[in-house]
Amino acid sequence: MATEEKSEHLSDGRGMIGKLALEQDLDGVDLRVFLYLFPRLGFREYTLIEQREIAAALGRRKEHISRSIRKLKAKEILIEAMPRIGRSSSYALNPRYGK
């Protein structure tokens with residue numbers, strides 16, 4: 001990540017995390033999924049991440065990860081790229097969330 005992009009990621013991320021902490025209907029798994037994705041995703045580029053990778057890293061079942069990603073997309077925290085690449089999805093952080 002370039003210095004300017006790192007600075008933008010940090011400043012946008014602070015507002016995002018502050019708002020995320022106040023979301024009443026996100027549970028611990030949802031927050032852990034977000035925290036796992038946050039350093040891997042950008043605000044401008046979509047990144048391919050498989051749900052089974054997240055599940056293995058967090059020690060959770062894929063169904064839990066799928067539910068959490070649906071919730072994060074519904075809250076417009078994550079943006080999913082369309083069309084999909086095979087069966088996997090690409091995601092980016094929503095730069096408008098938390099502003």
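Side notes on the structure shown:
- Whether a residue is of a type outside the set (S, T, N, Q), surrounded by 17 or more Cβ atoms within 10 Å (Cβ to Cβ) and either in contact with a Cys (Cβ under 8 Å, 6 or more places away or on another chain) or at pLDDT below 95 (or both) was assessed, and MET16 passes this test.
- LEU72 meets each of the listed conditions (1) in a helix (DSSP H, G or I); (2) at pLDDT below 95; (3) touching an Asp or Glu at 6+ places or on another chain (Cβ under 9 Å); (4) of a type in the set (A, V, I, L, M, F, W, C) apart from (2).
- Conditions (1) touching a Leu at 6+ places or on another chain (Cβ under 6 Å); (2) assigned to a helix (DSSP H, G or I): number failed by ARG52: (1)
- Evaluated against (1) surrounded by fewer than 12 Cβ atoms within 10 Å (Cβ to Cβ); (2) closer than 24 Å to LEU22 by Cβ; (3) small (Gly, Ala, Ser), GLY59 falls short on exactly one condition, (2).
- From the list ILE49, ILE54, the one residue that fits, being modelled with pLDDT of 95 or more and under 12 Å from the mean Cα position of the chain (by Cα), is ILE54.
- Selection status of PHE43, surrounded by fewer than 16 Cβ atoms within 10 Å (Cβ to Cβ) and either under 14 Å from the mean Cα position of the chain (by Cα) or not aromatic (Phe, Trp, Tyr) (or both): no
The values are calculated or read from the model by the stated rules, or taken from the named source; none is laboratory data. Only a predicted model underlies this, so the values are computations on that prediction, with no experimental measurement involved. Every residue, glycine among them, receives a Cβ derived from its backbone with ideal geometry; neighbour counts consider all protein chains shown.
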